[in-house]
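Engineer: Pasting in a structure now, in structure tokens, and then I'll have a few things to ask.
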Amino acid sequence: MPDSIATSITLNGDPYPLSADTPLIALLERLNMRRGRVAVEINREIVPKANYDATIVRAGDHVEIINFVGGG
């Protein structure tokens, strides 16, 4: 199956297009999110930050990303 085939995931409750399997870290970069300021859950399982580089997001996955914002 070529990488160019469009697939999709559910991202924070909404459909989101991807091109085949995508490393989680690449998805975060595409969304302009810094790994140290987010928490990620894939298919109802929290992904430890240490595993972000090795985790692959696949078609049909349900991904929840919480972005922490500082302020004062």
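Engineer: Just to confirm, what accessible area per residue do you get for the chain at 1.4 Å probe, in whole Å²?
Structural biologist: 68
Engineer: In whole percent, what relative contact order does the chain give with Cα contacts below 8 Å and a gap of six or more residues?
Structural biologist: Across the chain, relative contact order equals 38 percent.
Engineer: Let me ask something additional. What does the charge count around residue 35 come to, taking other residues whose C-beta lies under 10 Å from its C-beta (Lys +1, Arg +1, Asp -1, Glu -1)?
Structural biologist: +1
Engineer: Which of the listed residues, 26, 68, 55, is farthest toward the dipole's positive end in the chain, when Lys, Arg count +1 and Asp, Glu count -1 at the beta-carbon?
Structural biologist: 68
Engineer: Any idea what Rg and Dmax come out to for the chain if you just take the C-alpha atoms, in Å?
Structural biologist: Computed over the Cα atoms of the chain, radius of gyration and Dmax are 12.3, 49 Å.
Engineer: Take the solvent-accessible surface of the protein heavy atoms, probe 1.4 Å, and return the percent of it on the chain that carbon and sulfur atoms account for.
Structural biologist: Ligands and nucleic acids excluded, carbon and sulfur reach 53 percent.
The values are calculated or read from the model by the stated rules, or taken from the named source; none is laboratory data. These numbers come from a predicted model, not from an experiment. Please note: Cβ atoms are built from the backbone with ideal geometry, for glycine as well, and neighbour counts cover all protein chains shown. The protein model used for the area step is the full one, side chains on, heavy atoms only, and it has no ligands, DNA or RNA in it. Shrake-Rupley method; radii C 1.70, N 1.55, O 1.52, S 1.80 Å.
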